[in-house]
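Worksheet for the structure shown next.
Any read-out appearing in this document is the output of simple, stated calculations on the displayed coordinates, not a laboratory observation. Since we're looking at a predicted model, the values are computed, not measured. Don't worry about glycine lacking a Cβ; one is built from the backbone with ideal geometry, like all the others, and counts go over all protein chains shown.
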Protein chains: 2
Amino acid sequence: MDNGKSDDVFLSILDSAEKRFCRYGLKKTTMAEIAGDIGLSKASLYYYFPNKEELFKEVVSQGHKTLLKEFEGLLSSGVPAEDLLHGYLEKRLIYFREFVHLSALSLESINSLKPVYARLFENFRKKEIRLVGEILAKGIAAQDFQNLDVAYFSDLFIAIFQGLRHNVIVKKDTVNITETEYSLLRKQYESAFNMFMKGIKK
Amino acid sequence: MDNGKSDDVFLSILDSAEKRFCRYGLKKTTMAEIAGDIGLSKASLYYYFPNKEELFKEVVSQGHKTLLKEFEGLLSSGVPAEDLLHGYLEKRLIYFREFVHLSALSLESINSLKPVYARLFENFRKKEIRLVGEILAKGIAAQDFQNLDVAYFSDLFIAIFQGLRHNVIVKKDTVNITETEYSLLRKQYESAFNMFMKGIKK
DNA sequence: ATTTGACTTTTTTAGTTATAAAGTCAAAAA
DNA sequence: TTTTTGACTTTATAACTAAAAAAGTCAAAT
């Protein structure tokens, strides 16, 4: 349905790929394994995807897209900006836990990350910032927030929470996150969010 | 003067070592180079330090100690807690720029960092947290701050700013920080600090 | 007490080979 | 005609090895 060729095979490949990439990361997942999961031969994957890199990018983009879409819809609704921001953080946190291995600094070390992936994540970050920016603008328009520099504060917003997520990963040698760490992170999110709100509210 | 043996040779070794470690990191600095800087033979270094690891640890500890000492003194003074916190951040930021290469995730990748160094940084972090905790306690005692959970909020405080610093490094492939990045970080520090203060003030 | 040259040991690096995974394609199956 | 595959080639990774560099030692000199 996408481009000449067709099928839910395409989707089941994505599905299996996502599961494996999420659990084992890019390098530790082989095309043969992904194919095996759905009873196909490795060669068949190349009928649907030109190469591993594209498959990986597709998985990541898909995740990003899903997350962003969930919010773009809400933007036009009557929900107050504060709740939007809060809801966004909530989803972002859940996404983080599920996709740690996909996020930039998992097992593969920082500087060895291919520019093409770096761009992918940078791109997502930009979209996130733009989205948060729109929410901030909405809050300003509704007289809920002060008349602040939207570009700067949306960037800061993303930076703070990304920073908190970093802290969790960097301290560990494995990339698996325990329930304790996760709930501390959630608490920190909550506090930081409240402070941020106090900082920008009228 | 330290332990039987003596001299400012000890100090000039530390001095040269600090300069090289800060600029090139642990791995890219050789004992021969350090010795060469001060016109000594490599063998002489081993008269003062048992090995490279101890020398490195001494350099890092020294930096940490200096930073911490500057504040422990202030703690007993009459300066308001808010100013203390602010002053601390200021120093911390300057230290960061100067010592990036020493900080945990410079060139050597995260997981390849020896546990002994990890412990060193973890130790410093704990001291930082304790120090911030004391300042918070002071602010609470002076009725400036709300009656908050000191342990939790000092941890959060450190986490937020460490997170912001991370963001700067992670985005880059080199570890050199440009003036632009540095001043953005400083601005973020300022904003985050103001929000934090609004969040905890009475 | 301090320094060093000449030494040994350990760690890195560069180069090689073997193995595994990526990627291709003509033929088979649906 | 679309989809799948086995058998293949190419490319990347891992496992060894040899050479070079750096760490670390020590008896003798200052």
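Details
- Filter result for the condition that a residue is within 12 Å of DNA strand C (Cβ to nearest atom), farther than 26 Å from residue A:96 by Cβ and assigned to a helix (DSSP H, G or I), over A:43, A:17: A:43
Yes/no per residue for (1) out of contact with any strand residue (DSSP E or B) (no Cβ under 6 Å at 6 or more places or on another chain); (2) buried (at least 20 other Cβ atoms within 10 Å of the Cβ); (3) facing chain B (nearest Cβ under 9 Å); (4) in contact (Cβ under 8 Å) with a residue 24 or more places away in the chain:
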position: A:141; (1), (2), (3), (4): yes, no, no, no
position: A:163; (1), (2), (3), (4): yes, yes, yes, no
position: A:178; (1), (2), (3), (4): yes, no, no, no
position: A:183; (1), (2), (3), (4): yes, no, no, no
position: A:187; (1), (2), (3), (4): yes, no, yes, no
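- One residue from B:45, B:11, B:67, B:40 being buried (at least 17 other Cβ atoms within 10 Å of the Cβ) and under 24 Å from the mean Cα position of the chain (by Cα): B:67
- Only one of the numbered conditions (1) loosely packed, with under 14 Cβ neighbours inside 10 Å; (2) under 21 Å from residue A:194 (Cα atoms) is violated by residue A:96, and that is (1).
- Restricting segment A:116-160 to residues that are of a type outside the set (Gly, Ala, Ser) and outside any helix (DSSP H, G or I), the residue that is nearest to residue A:58 (Cα to Cα): A:149
- All positions within segment B:46-69 that are away from DNA strand C (no atom under 11 Å from the Cβ) and of a type outside the set (A, V, I, L, M, F, W, C): B:50, B:54, B:57, B:58, B:61, B:62, B:63, B:64, B:65, B:66, B:69
- All positions within segment A:36-79 that are β-branched (Val, Ile, Thr) and under 13 Å from residue A:16 (Cβ atoms): A:38, A:59
Conditions tested, residue by residue: (1) of a type in the set (Asp, Glu); (2) part of a helix (DSSP H, G or I); (3) more than 13 Å from DNA strand D (Cβ to nearest atom).
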position	(1), (2), (3)
B:7	yes, no, yes
B:23	no, yes, yes
B:36	no, yes, no
B:47	no, yes, no
B:69	no, yes, yes
